[in-house]
1. Just to be sure before I move on: is Gly100 among the small types (Gly, Ala, Ser) and touching a helix residue (DSSP H, G or I) at 6+ places or on another chain (Cβ under 9 Å) in the structure I sent?
2. Scan segment 37-66 for residues that are in contact (Cβ under 8 Å) with a residue 12 or more places away in the chain, open to solvent by 50 Å² or more (accessible area, probe 1.4 Å) and of a type in the set (Ser, Thr, Tyr) and jot them down.
3. Have a look at Glu53, Glu22 and point out the one that is among the acidic types (Asp, Glu) and within 20 Å of Asn87 (Cβ to Cβ).
4. Could you grab the pairs with beta carbons closer than 8 Å, sequence gap of 6+ or different chains, first residue in segment 68-83 and without any contact (Cβ under 8 Å) to a residue 60 or more places away in the chain, second one open to solvent by 100 Å² or more (accessible area, probe 1.4 Å) and assigned to a helix (DSSP H, G or I)?
5. Are there any pairs, at least 6 apart or on different chains, whose C-beta atoms fall under 6 Å, with the first in segment 19-31 and closer than 13 Å to Ala43 by Cα and modelled with pLDDT of 90 or more and the second open to solvent by 90 Å² or more (accessible area, probe 1.4 Å) and in a strand (DSSP E or B), and if so, which?
Amino acid sequence: MEAKKRRQHYVWRYYLTAWENENGKLYCLRNNKIFPSSARDVANIRNFYRLNELSPFDIKLIKTVFIDNYGPPEIQEVNKDWIMQFNRIFIIRRALEKRGIASEEVNG
């Protein structure tokens, strides 16, 4: 099984290479300090693409901004179901953990 890539770029790495010099370095400004880095080491975060469970606040916000008063009631219900479908994986994971079943495959 191939190891999961954990360092995931939120800015395409090869886009950033345009700013590298001949030594493969680019320069960043953070906290009023300039420092050398590389395209590999900037604009990435651990598990950027990992799914995160929606909080009650997230769900309320999505319903208020994007579902309520948008389209006919039938479409609103379909869109509310998308939220449930998205969260289903987290419900299943909690049920498995409750039964003592936990693994890297379940936890992602």
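The values are calculated or read from the model by the stated rules, or taken from the named source; none is laboratory data. As the structure is a prediction and not an experimental result, all values here were calculated from the model. Don't worry about glycine lacking a Cβ; one is built from the backbone with ideal geometry, like all the others, and counts go over all protein chains shown. For the accessible areas, the whole protein counts, side chains as well, though only heavy atoms, and no ligand, DNA or RNA atoms are used. Shrake-Rupley method; radii C 1.70, N 1.55, O 1.52, S 1.80 Å.
1. no
2. Within segment 37-66, Tyr49 is the sole residue that qualifies.
3. Glu53
4. What qualifies is Asn79/Phe66.
5. Pairs found: Tyr27/Ile34.
Residue by residue, here is whether (1) touching a Ser or Thr at 6+ places or on another chain (Cβ under 7 Å); (2) assigned to a loop (DSSP other than H, G, I, E, B); (3) modelled with pLDDT of 90 or more holds:
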site	(1), (2), (3)
Ile34	no, no, yes
Ile45	no, no, no
Leu51	no, yes, no
Asp58	no, no, yes
Lys63	no, no, yes
Phe66	no, no, no
Asn79	no, no, yes
